[in-house]
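See structure below.
Quick note: the coordinates plus some simple rules give every number you see, no bench work behind them. Values in this document were obtained by computation on a predicted structure and should not be read as measured data. Please note: Cβ atoms are built from the backbone with ideal geometry, for glycine as well, and neighbour counts cover all protein chains shown.
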Amino acid sequence: MENESYSEEFQIEEERAQFKEFILTNPNYFGKMVEGPFDVVEEMVGNTKYEELVCVGFNLNLEMLEATVHIKLPNGYGTNLEGPGTTEYVRFFVDYGDGWENAGVMAFNVHDIPDTTDCAGEPDKPLSYVVTQPIEPRYADCGRPVLPKVRAILSWEAEPPGDNPDWPMVWGNMIERDIQIKPYPLVTARLLEAIAASGQVVKLPSWLEAIKFEPIPQLAPLPLKLNKLAELYRGTEVEPHRFGFSDIEAAIPGSVNPQMVAEKIIMWEELGLDWVKAVDALKETSGDVTYEGLTCLGLDYNREWLVATFCIKLPYGYSGGLCDDGSLEYIAFWADWDDECDWKYLDTVTVNVHDIAEIPSRGLHYTAILKVNLEPKRRSRKKPKIARVRAVLSWNTPPSTEYADKLPKWGNRLDAHVQIKPGEPSEGPKISILGGIGVADINHSGTGMTKTNARFALTGTLADSLGRSCPFGGQVVVQGPPLGYKYRVWVRRFGATDATRLTKRIWTVDEDGAGTWRYPDADGFFTYLPDSQNIIDVLAYWDTSGDDLWEVRLEMADVAGTIVGTTPWYRIQLDHTPPAAEITIDGGACEQYTPGTTLTGRFVARDAHFGHFALDTLPDKVNGVTTPHPSTTTWAYSQTATSPGDKWMLDTKTMKPCGYVVRVRVWDRTILGSSPGHHNSNADEKGFCLLEKV
């Protein structure tokens, strides 16, 4: 049973409890959030009492921005887990030096979760959540580091707009960090550009044109040896027991070898280094965070992977620059999923780091990601499932996989509490996501449409901004956890008895960002892949068509191909018919009018699953003067009457003499290609001329 709006553990201020009501009556109630004639009633910006954005980082291989949010209190988030809760939004902006660019928005669901203490007697707050935003970064070669700034805005219940990086959130905060983009691989086209820059022009043979943007196979740079490192760091503050760490560590394992030690001492002396002093210094080194340190740890609530954020603090001490091999930061992940004070080692992830002379004063922020399968750990919505997680960062040598408490020489340890998304534990086959939407958010035994207020499973954003139900179209991606040996996915038109196997090859991405095509066997079975090889659990691609109701089912088999389990048939409604779009000009299209004339007309914007429409005038500007758009009394999210439709008007008094087009564009609510923001659409336009009277 759903609880009341807020628990009674402490008094929720009306600015929180009635936040939506205040904004609905005045969008600028708490501050200048929008332009317009709305006065500020009660100034409040960046209140972090309930939630706070604490870290931002970047995963080099997957090219994903990450933000860690702490949920601090037991209530103030709408309802408990049995209710809808509320939404935390994080909008990202990136600046490469020429201004902030919108990089997208992510969201996640939060609820009232009572305070508890864990098995170690520690409070479970804050709960640590992470959101993940893929980007397409700008690249450069290894000789030119790309170090953009990232700004993230956290806002509770109000989505930050994409056109205002200074937007004044009410509940939440904004932070900036610096990241590093991985250098691009060498390709033939860039090699020719470099040769041309030196004054020599080389014409590429026609047979190489097709592959000029393919990476050129190269030998990986070799690790710098001790003599090179000693030369590189001479005159810097990098200590011998730092740059000589690997050399010292190599002499430690196993029994003592006096001959090896003698040779090391002599070799170090020849380089002007003191072996004994370095060994003694390393003995005293434990958990040193001078060069790097973990700053945040959390669980991506949407994608279900652990994310550790760490900071590289200095311009040197990482065994070479971006054109060199550099060094590795090892991040070992541990979990105590059932709060038993028994840490279980999960896996270790590596991140390649380098000396970067241009490093900003606040350091560079990176993230390590580990996909985890939480299906067996789920619990019903009646009781929250809170788990303990740990990350151990160790530079240039793997941390212990046996002792969770052991501190590395260079690096540190960080613990966090995370919430596991509720649900029923699964042992048999399972489809988690269809067309980008979690199956729990689809009316899969009825209409096949999304439920109201459905959200994309991996982004947490609404499938429809008004929360309306949506159909599906284009390529429907089927996703689910690896719970067996192999599987097949079947589809059939609702009411039919014959089904079709989905045998199209699928593209899977591993934890290092490397992609691989996967093919079914002769019987249509795909092999289940471990989490590390398929980080978003892709099972099948279904290229849909038509507007009918269909069904999808997954079956699982053992190594011999014997079916050991099947899912129910999940209904899914398709819609590929574009919406109706029509616009007319009362005085006639392709006619001449005098500037100052008020043009009128009619337009049609309709669909069975109507989304929204937009009226505009092209070109946008003439001689520096912005062109006005047609106006209408019809709301953009409400469809018009049937043809001839609703009225529009355009005042041309500020428009320059020119040829123009009035246009209507219409979108439906179909989730096209399993992706946010992609819908069936249509458009119509009519032209006219504005000419001064002669």
Dipole in debye (nearest 20) - the chain, about Cα centre, beta carbon charges: Lys, Arg +1; Asp, Glu -1:
1620
For segment 610-619, in residue order, the Karplus 3J(HN,Hα) values (coefficients 6.51, -1.76, 1.60; θ = phi - 60°; whole Hz; Gly and Pro = x) are 4, x, 6, 10, 9, 10, 8, 10, 10, x
Over the chain, relative contact order from alpha-carbon pairs under 8 Å, at least 6 apart, %
9
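Taking a ≥ b ≥ c as the square roots of the eigenvalues of the Cα gyration tensor of segment 6-98, is the shape rounded (a/c under 1.5), prolate (a/b larger than b/c) or oblate? Present the calculation step by step, with values, prior to reporting the outcome.
Numbers: a/c = 2.46, a/b = 1.24, b/c = 1.98.
Oblate.
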Taking a spot 7 Å from the Cα of residue 452 along the direction of its beta carbon, which residues of segment 628-649 have an amide N less than 16 Å from it?
none
Describe numerically, in nm with one decimal, the distance between label points set 7 Å from Cα along Cα→Cβ at residue 203 and at residue 13.
7.3
Over all directions, what mean area does the Cα convex hull of segment 338-467 project, stated in square nanometres?
12.6
For segment 226-283, what is the largest minus smallest coordinate of the Cα atoms on each principal axis, given in angstrom and ordered from greatest to least?
35, 21, 16
What share of the DSSP beta bridges in segment 580-690 is antiparallel, in percent to the nearest 5?
95
Step through the table entries 283/371; 313/377; 182/385; 32/313; 125/371, compare each Cα-Cα distance with 32 Å, and write down the pairs that go over it.
283/371; 313/377; 182/385; 32/313
Normalised per residue, the volume inside the convex hull of the alpha-carbon atoms of segment 333-388 in Å³ amounts to 140
Cβ-based exposure ranking for 426, 327, 361, in which fewest neighbours within 10 Å come first
361, 426, 327
Testing the spin-label approximation: label points 7 Å from Cα along Cα→Cβ at residue 614 and residue 635. State their distance in nm.
2.0
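Given axes a ≥ b ≥ c from the Cα gyration tensor, I'd like to know whether segment 433-573 is rounded (a/c under 1.5), prolate (a/b larger than b/c) or oblate. Please report the intermediate quantities before stating the final value.
On the way: a/c = 1.97, a/b = 1.28, b/c = 1.54.
It is oblate, given that a/c is not under 1.5 and a/b is not larger than b/c.
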Hey, can you list the DSSP H helices of the chain whose Cα span along the axis is 20 Å or longer and whose average Kyte-Doolittle score is at least 0.5?
none
Rounded to the nearest 500 deg cm²/dmol, what is the calculated helix-only ellipticity per residue at 222 nm for the chain, with -39500 (n - 2.57) per DSSP H run of length n ≥ 4?
-2000 deg cm²/dmol
Can you list, by residue number, the Cys in the chain that have no neighbouring cysteine C-beta under 4.7 Å?
311, 470, 590, 658, 689
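Give me the tail of P(r) for segment 345-419 as a percent: Cα-Cα pairs with distance above 20 Å.
48
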Taking other Cβ within 10 Å of each residue's Cβ, how do 590, 658 sort, fewest first?
590, 658
What distance in nm separates the simple spin-label points at residue 252 and residue 24, each placed 7 Å from Cα in the Cβ direction?
6.2
With no solvent and one point on each alpha carbon, what is the Debye value of log10 I(q)/I(0) for the chain at q = 0.05, 0.07, 0.12 Å⁻¹?
-0.31, -0.61, -1.46
